[in-house]
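The values are calculated or read from the model by the stated rules, or taken from the named source; none is laboratory data. Computed from a predicted model, the values in this text were never measured in an experiment. Cβ coordinates were reconstructed from backbone atoms using ideal geometry, including for glycine residues, and neighbour counts include every protein chain displayed. Heavy atoms of the whole protein, side chains included, go into the accessibility calculation; ligands, DNA and RNA do not. Shrake-Rupley method; radii C 1.70, N 1.55, O 1.52, S 1.80 Å.
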Amino acid sequence: MLLEHKLDSGEFAVIAEMEPPKGTQVADLVAHARRVKDRVSAFLVPEMNHAVMRMSALGGAMVLQAQGMDAVMQVCCRDRNRLALQGDLLAAAACGVGSVVVVGGEDPSHGDHHQARAVHDIAPLELLSAIAKLQQGRDMAEVELDGSPRFLVGSTTNAGARGRSPEIEAEEIARTAAAGARFVITPPIFDLAEVRPVMRRVDPGRVTVLPTVLLLKSLGMVRYMEHNMPHLAIPPEIIDRIQRAPDKVRECVRIAVELVQHIKAEGFRGVVLSTLGWEHKLPDIVEAI
């Protein structure tokens, strides 16, 4: 897997997020991925981002793997109990998916099925331990497997989120690494000063921290995030740039490219690009970086 090779070698890895469709039409998913497949290390397939019902991450990852493109499958504690989670992991491994990211998942109240009930049978740390056990040939009930999976395992961190203690975040990253995660993905970062205090406390030899760069789409999106996502710090100068730009979409792409360049210059070993449905803009970003 190219992603694992890059993480092992210290080369800069670029992971592009690819939203599965809300339906069975996968032509756009495949087409968008093909346009950038030679410029990215892997494709991250989310599990119903923001609790909006879509094709599962397992399905999306299998589609990409069938087309010869490395997929990183999200495994979400919100939607499945331990039986289903383990079953999905075995299915993913059997279908060639070699990388997974463990997430807790947003509350269903944020999505489009407000009557849905979150499961949360196990927490992300427990799921990381379960994956480690599966790779050793046993399930969570200590029953021996007929063939064990092998995964490059990642998870998430709140490093860089406004109001979070750097010490606590660094400790949580250390626990995540101890449970088996090789890398962790941050929330969207717009100001590297927010994540530096955590990075000073993290051992890069144990775990790789991958900042997320979110492609802003409009001034309206920025205003929405300011009011509804106060944990994300968007510097006033970025807002001002978008407000003044005659071509706001082009300026948003330029901001994303500059953020990736700054992340690379700071010594991070990779980045996750999130476009939230604007995958057609990925070529503009990856070609520039």
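Restricting attention to the range 98-125, report how many residues are touching a His at 6+ places or on another chain (Cβ under 7 Å) and surrounded by 14 or more Cβ atoms within 10 Å (Cβ to Cβ). Here the count works out to 3.
Looking only at the range 261-275, decide whether some residue is touching a residue at least 12 places away in the same chain (Cβ under 8 Å), small (Gly, Ala, Ser) and farther than 26 Å from residue 5 by Cβ. No - not one qualifying residue is present in the range 261-275. Take residue 202 and decide whether it is within 22 Å of residue 289 (Cβ to Cβ) and among the hydrophobic types (A, V, I, L, M, F, W, C). Taking the combined requirement at face value, the residue does not satisfy it. For the range 98-114, check the following and say yes or no: at least one residue is at pLDDT 95 or above and in a helix (DSSP H, G or I). Scanning the range 98-114, I find no residue that is at pLDDT 95 or above and in a helix (DSSP H, G or I), so the answer is no. If the condition is being out of contact with any strand residue (DSSP E or B) (no Cβ under 8 Å at 6 or more places or on another chain) and touching a residue at least 12 places away in the same chain (Cβ under 8 Å), then the range 79-92 contributes 79, 80, 81, 82, 86, 90, 91.
Checking each residue in the range 242-267 for being open to solvent by 20 Å² or more (accessible area, probe 1.4 Å) and in contact with a Ser or Thr (Cβ under 9 Å, 6 or more places away or on another chain) picks out 248, 249. Can you work out which of the residues in the range 81-97 that are outside any helix (DSSP H, G or I) and touching a helix residue (DSSP H, G or I) at 6+ places or on another chain (Cβ under 7 Å) is surrounded by the most Cβ atoms within 10 Å (Cβ to Cβ)? Looking at residues that are outside any helix (DSSP H, G or I) and touching a helix residue (DSSP H, G or I) at 6+ places or on another chain (Cβ under 7 Å), I get 97.
Cβ-Cβ distances below 7 Å connect the following pairs, each with a first residue in the range 197-212 that is among the hydroxyl-bearing types (Ser, Thr, Tyr), a second residue that is in a loop (DSSP other than H, G, I, E, B) and open to solvent by 10 Å² or more (accessible area, probe 1.4 Å), and a separation of six or more residues or different chains: 208/182; 208/269.
Does residue 131 fit the bill of being part of a helix (DSSP H, G or I) and out of contact with any helix residue (DSSP H, G or I) (no Cβ under 8 Å at 6 or more places or on another chain)? Against the criterion (part of a helix (DSSP H, G or I) and out of contact with any helix residue (DSSP H, G or I) (no Cβ under 8 Å at 6 or more places or on another chain)), residue 131 does not qualify. Checking each residue in the range 268-289 for being outside any loop (DSSP other than H, G, I, E, B) and open to solvent by 60 Å² or more (accessible area, probe 1.4 Å) picks out 280, 284, 287. Selection of the range 76-113 for residues being farther than 15 Å from residue 65 by Cα and of a type in the set (Gly, Ala, Ser) yields 84, 87, 104, 105, 109, 111.
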